[in-house]
Amino acid sequence: MTTASNAFPLEVCHFANSTTRAGAEEYMLGVLQRLDRQRFRPSLACPSSLIDLLTPDIPPDVNVFPVHIARPTQFGELRRFSHFLRDRRVQIVHSHQFRASLVASPTASLSGIPVTVETPHIREYWRAGWKANYAVDRIAGHFVSGYIAVSQANKRYLVDEKRLPANKISVIPCGADLRPFTRQQSAGQALRRELGISPSQPVLLVAGRLEPQKGHRYLLDAMPSIRVEFPGVLLFCVGEGSLISELQHHARDLGVADAVRFVGYQRDMARWYALADIVVLPSLFEGLPITAIEAFASEKPMVATAVDGTPEIVVDGVTGLTVPSRDSTALTHAIARLLHDPELRATFARQGRELVERSFSIERMVEQIETLYLRLWQARTGTPIPQTDAAPLPRMAEGI
């Protein structure tokens, strides 16, 4: 395997075994789009179904390798992946979610790849029985050069619960491209007219997959009480998922089906955020929600559950209001408070925008990931990093 300085630009392969396009996949895509091409040459290995979903946004210079490895016993696919890594002279493999890292990190390490990186993204609350002791994670961790925690809460989970070595973990908060969400007020007004919504009608928005994690049921449970105070309120649910029929039936059972609209996946999220008066995030668990970054980039206030890394961006009383998870009554009170107080909404929206500009841009995130890649590669190979025309490497606030 080539490790000399003439290996630059380094081949970086991002690996995923998911088949849906959600937050972790958007994170991965953002890195692939923005890696400095003087230092890195990106490739992507993932299932064909995910490639189809990402294709409109994958840069043309990214080498794409279709592979689906859901289990460590898929030896044929593991061999294919190993051959791909060797043929491409990959130097860094970056896996997304533990299940992907479980197969990719050992395969990469045993194939002679110098650096393996894992971004776990979320707390795996579903772990039960023997899986809850995380022994497999620690065994697989011997093949991982470094972990990226997407929030301080994510790092605490990795250290305190998974008992992974703290010196392998770097906190690099999620980031998003803020530009598409800037100054979209006219787009929101146009969408209101298109949907037949009056300018004075209050609109709530929840953006996320229709899966148990996102807690839509608890927001629906809050809607009858919210309608008592705000009869014209509308809730838009943006996203797709396995719970669509169940949630539609639940809205009908609650008598709020006429006030709840499921609009599916929307590619142009900027105008949907612009439509909303309040963005709601009723999740049961999160890593660090990109939805919050996008909402604040759109200058929208938020009501969110205080789970995992969410309070690090939805700061209670500063950029929004946070409530306990699974608490529909608390959601009702927080949403009603903001709907009653337009000045507070405006204050939260302004302060949210300032926060994401300062700390949660995609440029900041990718810059820190690049720094981690290079430091890990230099540590593993002992090879100096050559100078390029790119900006000097930034100092990382925390990590390797």
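A few notes on this one:
- Shape of the stretch 1-118, Cα gyration tensor, a/c cut at 1.5: oblate
- Dividing the helix sum by the residues of the chain, where each DSSP H run of 4 or more adds -39500 (n - 2.57), gives a mean residue ellipticity at 222 nm of -12000 deg cm²/dmol.
- Choice from 137, 253, 308 with maximal GNM fluctuation in the chain (Cα, 10 Å cutoff): 253
- The Stokes-Einstein estimate for the chain, based on a Kirkwood radius over Cα pairs and taken at 10 °C with 1.306 mPa s viscosity, is a diffusion coefficient of 72 µm²/s.
- Share, in percent, of DSSP beta bridges within the stretch 179-359 that are antiparallel, nearest 5: 5 percent
- The mean of 1/r over all pairs of different alpha-carbon atoms in the stretch 14-53, once inverted, gives a Kirkwood hydrodynamic radius of 10.7 Å.
- Applying 1/(1 + (r/R0)^6) with R0 = 45 Å to the Cβ-Cβ distance of residue 71 and residue 350 gives a FRET efficiency near 0.40.
- With Cα atoms defining each centre, the stretch 244-293 and the stretch 98-132 are spaced 31 Å apart in the structure.
- Pair residue 201, residue 166: separation of 7 Å Cα→Cβ label points (nm): 5.3 nm
- Set of lysines near residue 155 by C-alpha distance (under 25 Å), chain-local residues within fewer than 8 positions excluded: 131, 168, 214
- Contour excess over end-to-end distance, with Cα ends at residue 211 and residue 79 and 0.36 nm allotted per residue: 44.2 nm
- Taking 0.36 nm per residue of separation and subtracting the current Cα-Cα distance, fully stretching the chain between residue 326 and residue 340 would add 2.7 nm.
- Contour excess over end-to-end distance, with Cα ends at residue 228 and residue 38 and 0.36 nm allotted per residue: 62.6 nm
- Computed from label points 7 Å out along Cα-Cβ, the spacing between residue 379 and residue 49 is 3.7 nm.
- Each peptide in 100-111, 356-367, 77-88, 293-304 gets a packing score, the mean of other Cβ atoms within 10 Å over its residues, and the list from highest to lowest is 293-304, 100-111, 356-367, 77-88.
- Overall form of the stretch 179-359 per C-alpha gyration tensor (a/c, 1.5; a/b vs b/c): rounded
- Note on residue 266 and residue 363: their simple-model spin labels are 2.7 nm apart, each label 7 Å out from Cα toward Cβ.
- Mean separation of Cα contacts under 8 Å (6+ apart) over length of the chain, as relative contact order %: 16 percent
- Within a Gaussian network of the chain (alpha carbon springs, distance under 10 Å), most fluctuating of 24, 187, 153: 187
- Overall form of the stretch 142-261 per C-alpha gyration tensor (a/c, 1.5; a/b vs b/c): prolate
- Computing FRET efficiency as 1/(1 + (r/R0)^6) for residue 57 and residue 87, where r is the C-beta to C-beta distance and R0 is 25 Å, gives about 0.45.
Only the coordinates and a few stated rules stand behind these numbers; no lab work does. Keep in mind it's a predicted model, so treat the numbers as computed, not measured. Here the Cβ is made from the backbone with ideal geometry for all residues, glycine too, and neighbour counts use every protein chain on show.
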